[in-house]
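The structure appears below as structure tokens.
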Amino acid sequence: MMTMRFGLGYDCHTFGADRPLRLGGVEIPNSKGLTGHSDGDALAHAVIDALLGATALGDIGQLFPDDDPQWEGADSMVLLADVRNRVTASGYAVVNIDATIITEAPRLAPYTAVMRDCLAEALEVPVSAVSVKAKTNEKMDAVGRGEGLQVFAIASVQATGTAR
């Protein structure tokens with residue numbers, strides 16, 4: 001019997017950066033991007049933490065600290081591919097990802113299919129193994145007021161026989 005493991009990831013960022021809004025490697029039209037040390041891609045960050053949690057390899061802040069200048073403005077999809085390599089090297093294979101983005105605006109439904117494609121490519125899994133959903137917060141709290149967004153992600157991985 002192959003060992004299955006699961007990890008939960010979470011990230012949030014405020015709107016306000018003078019750069020494009022990127023989620024799951026996809027540029028989305030919006031007046032402001034997300035704040036953050038790298039490119040602010042909260043979807044990729046939540047998926048990274050879910051994978052790291054499933055494999056007990058730490059967290060995004062340990063691997064890519066926000067006080068390290070080498071990660072300033074970094075492409076989060078490159079970071080995700082690096083984490084995929086670490087997951088594989090530790091003896092696990094990505095089985096699936098399920099992510100939910102919570103924001104009032106912009107409307108993300110037109111972009112979720114492309115986000116799935118980009119995440120699947122970075123993770124080297126079929127697109128059918130990646131789910132991305134967009135929800136609002138029904139005008140409640142800071143997210144509901146449009147100040148930022150939140151992302152929750154769950155990853156499942158399976159031991160390949162060389163798991164440590």
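FYI, it's all coordinate maths here, none of it is from the lab. The structure presented is a predicted model; accordingly, all values stated were derived computationally and were not measured.
Overview of results
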{"read-out": "Euclidean distance of C-alpha centroids, the range 109-129 and the range 46-88, integer Å", "value": "18 Å"}
{"read-out": "Nearby aspartates and glutamates by direct alpha-carbon distance to Lys32 (threshold 15 angstrom, same-chain neighbours under 8 apart not counted)", "value": "Asp18, Asp41, Glu104, Glu147"}
{"read-out": "Fraction of beta bridges assigned by DSSP in the chain that are antiparallel (%, nearest 5)", "value": "80 percent"}
